[in-house]
Amino acid sequence: MALTGRYRYRLGWFGRLVLQVEQSYRAVDYGKRPQPGVDRTFEARRWRDATIEDIQPLEVPYKPPGAEA
């Protein structure tokens with residue numbers, strides 16, 4: 001699953017602003033009849049709330065507050 005680079009904001013509980021990122025993944029099309037040698041998967045996209053790992057650059061390790069060096 002990979003991020004597409006698109007993002008949006010929404011209002012969460014108590015009016016907090018929540019960042020969402022779009023994620024692409026492989027899904028199975030169960031409506032098609034299974035045939036040998038035919039790939040029934042397709043690329044789908046969904047929105048999910050962003051995490052610290054999505055926001056932070058990969059080269060900077062995350063240290064929670066109060067953690068020792």
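Details
- Local net charge near R6, Cβ-Cβ under 11 Å (Lys/Arg +1, Asp/Glu -1): +1
- Per-residue Cβ neighbour rank within 10 angstrom, fewest leading, V28, V21, V38: V38, V28, V21
- Cβ-placed point charges (K, R +1; D, E -1), dipole of the chain about Cα centre in debye, nearest 20: 460
- Taking label points 7 Å from Cα along the Cα-to-Cβ direction, D39 and E53 give a separation of 2.5 nm.
- Value of relative contact order over the chain, rounded to a whole percent, pairs C-alpha under 8 Å and six or more apart: 26
- Rounded to two decimals, the Cα-based Rg/Rh of region 2-55, with Kirkwood Rh, is 1.20.
Read the figures in this text as sums done on the coordinates, not as results from a lab. Bear in mind that the values here come from a model prediction, so they are computed numbers and not experimental data. Methodologically, a virtual Cβ is constructed for each residue, glycine included, from the backbone with ideal geometry; neighbour enumeration extends over all protein chains shown.
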